[in-house]
1. For residue 84, which of the numbered conditions (1) within 15 Å of residue 200 (Cα to Cα); (2) assigned to a strand (DSSP E or B) fails to hold?
2. Quick one: which residue in 308, 282, 292, 274 is touching a Cys at 6+ places or on another chain (Cβ under 9 Å), part of a helix (DSSP H, G or I) and in the same structural domain as residue 240 (by TED's automatic domain parsing)?
3. Please determine whether any residue of region 410-430 is acidic (Asp, Glu) and within 20 Å of residue 269 (Cβ to Cβ).
4. For region 334-354, what are the residues that are open to solvent by 40 Å² or more (accessible area, probe 1.4 Å) and not in a loop (DSSP other than H, G, I, E, B)?
5. Any residue at all in region 265-278 that is crowded, with 20+ Cβ neighbours inside 10 Å, on the phi > 0 side of the Ramachandran plot and more than 18 Å from the chain's Cα centre (by Cα)?
6. When region 390-431 is examined, which residues are found to be free of Cβ contacts under 8 Å to residues at least 40 places away in the same chain and either crowded, with 21+ Cβ neighbours inside 10 Å or among the aliphatic types (A, V, I, L, M) (or both)?
Amino acid sequence: MNIITIIKNKCKKQELTNDELNFFVKCTVDGCIDQYQIGAMLMALYLNNMTNAEVLGMTVAMANSGKMLQFRSSDTVVDKHSTGGVGDKVSIPLVPALKAAQEDLIIPMISGRGLGFTGGTLDKLESIPGFSANCLDYEQLLSIGNSFGCFIIGSSDLSPADSILYKARDVTSTIDNNGLIITSIISKKLAAGIKYLVLDLKVGSASFFHSIEEAKVFGKQFVIVAKLLGIESRVLMTRMSSPIGNYVGNSLEILESINCLKGKGPSDLHTLVETIGGHLLEMTHKVKSVKEGRNRIVKSLNDGTALEKFKQMLIKQKVDENIADELCYGNTAAVLPMAKYVIEIKSPTSGYVKSINGIMIAEVCQKLGAGRQFFHQDIDPAVGVHLFVKIGDYIKRDNVYMVLYHNEIDLNKLFLTLLQNSIELTNEIVKPENIIIGVI
Ligand code: URA
C-alpha cells in the first residue's frame, strides 16, 4: 500500500477502504509518512468530505492507534465533551459534581488544551500549582478509574493519532469538517472505554457551527456513528456567542469553577453543569427523568460533596494536599497565579447589553498571553477578563462593566478599545435567550 495512491484516490472522490484508512493512521503515528502527506490527506478528506463508512473506519483506526482503557464490565463509564467555546469551564465542576451525585459512575475525562480562541480545560487546571495533565501513566489511570472513579487528563497514550492529526488540522485550516470532528472526538471516547456520552455542541458566532441547521446535521451524524461503535450519546445544542460565566482566562476560570462547586456563581454555568449532568444520570438509568438528575447535581453542588470530590481528584492528580485544601476551603485566589495589573473598563454610555463578542474578548486575552498562537508556546495563567454584565443587563454610563487582568508593563491601549467594542449596548430592553437550544 502506498500513501501517494491513497491521497490520489481521495482527491478523485473515491471512498477509501478500511485498509487504506488504517494504513494512513498507522503511518501517521509511526512517523513513516511526511508531514506534507498528512496535510495533503487531511485537505483531501476536508474538501471531499468523508462517507459514513469512512468516518467509522477512520474512528476505529484512530482509537486503535494507542492504548485502550478497559474498566470492569459492570461499571457505567460516562463522559461529556464540548466542541469548545469562550469561558467554557463546564467540565471542571461537572466531573466531581456528577461523581458525587452518583458514586458508581466512572468518569475518565480526556480533555484538550486551548488553541486559537477556544480555551482548554487542561490549561485551566494547570494554573493550579502542581496539577499536571500528563502525570498519570496507563496503569495509574486504570487504577484511579477503578478505585476513585474520575479524573481529567490529556490524551498522550489514548488515541495518539488524534493528538497528531488535531495539531496538523489546526495549522492546515482543516478543523471545521464534520467527519474529521467526529473521528477526533469519538476515537478518544472509544479509547477511554466510554459507554454513555453527552456532547455539548456549541452553536453561534463563537463556535464551529454558526446555525442550528448545520449543528443538527452534525449532531445526527454524531449520534449514529457513536451508536454503531457502542456508545450511547446525546447531543445538547447550546448557545455560544457570549462567554460562559463571568470570567475568561485560566486562573480566573478556576476561581469561578470553585465558586460553582460551592453552589454559587453565574446561572448560565450552573444551567450547563446541571443539565449535562442530569442527562447523563437519566441516560444511565440512575434517575427516572432529566429533572431528577438535575436535582441530584444541584444537591451535590450545594451540600459540599462535589467540592470535596474535586479536592480529592486534585490530590489523586498529584496536587499537594495543603494546596488543594487552601484552593477549595481557604483563600482560593491566594493559591492561584494572579496578574500584576488590573484595569477597570467603564461603560461609555447607558443601555441594555445586546451582545458580548466572546471571540473578541478571547483574542485580546490570547494576545496578552492567556492562549497560544503556536502549539508549544507557554501561556500566562493569570491573564484574563472579569465581566460584570450578561446579555439583557442594564448598565449606567461610567459604571465598570469589565476588568482586565494582565502582566504587560506597557499595555497597548488598543486592547482596551477592543474590549470596550466587544460589548454592544442598546436603548431597547433585551430578553436573554436560554443557553440550551435543544437536544438530539
Ligand atoms: N474537539 C475535538 O476533540 N476535536 C475536534 O476536532 C473538535 C473539537
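The values are calculated or read from the model by the stated rules, or taken from the named source; none is laboratory data. Please read these numbers as outputs of a predicted model, since none were measured by experiment. Glycine also receives a Cβ, built like all others from the backbone with ideal geometry; neighbour counts cover every protein chain displayed. Side chains included, ligands, DNA and RNA excluded: accessible areas come from the protein's heavy atoms. Shrake-Rupley method; radii C 1.70, N 1.55, O 1.52, S 1.80 Å.
1. In the conditions (1) within 15 Å of residue 200 (Cα to Cα); (2) assigned to a strand (DSSP E or B), residue 84 misses (2) alone.
2. None of the other options fit; the residue is 308.
3. So far as region 410-430 goes, no, none of its residues is acidic (Asp, Glu) and within 20 Å of residue 269 (Cβ to Cβ).
4. If the condition is that a residue be open to solvent by 40 Å² or more (accessible area, probe 1.4 Å) and not in a loop (DSSP other than H, G, I, E, B), then 334, 341, 342, 343, 344, 346, 352, 354 are the ones that fit.
5. Yes, the conditions are met somewhere in region 265-278.
6. Correct list: 409, 414.
Yes/no matrix, rows are residues, columns are (1) of a type outside the set (Val, Ile, Thr); (2) closer than 30 Å to residue 358 by Cα; (3) at pLDDT below 95:
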{"residue": "26", "(1), (2), (3)": "yes, no, no"}
{"residue": "68", "(1), (2), (3)": "yes, no, yes"}
{"residue": "73", "(1), (2), (3)": "yes, no, yes"}
{"residue": "76", "(1), (2), (3)": "no, no, yes"}
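Table: residues versus (1) crowded, with 24+ Cβ neighbours inside 10 Å; (2) within 17 Å of the chain's Cα centre (by Cα).
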{"residue": "202", "(1), (2)": "yes, yes"}
{"residue": "210", "(1), (2)": "no, no"}
{"residue": "220", "(1), (2)": "no, no"}
{"residue": "239", "(1), (2)": "no, yes"}
{"residue": "244", "(1), (2)": "yes, yes"}
{"residue": "247", "(1), (2)": "yes, yes"}
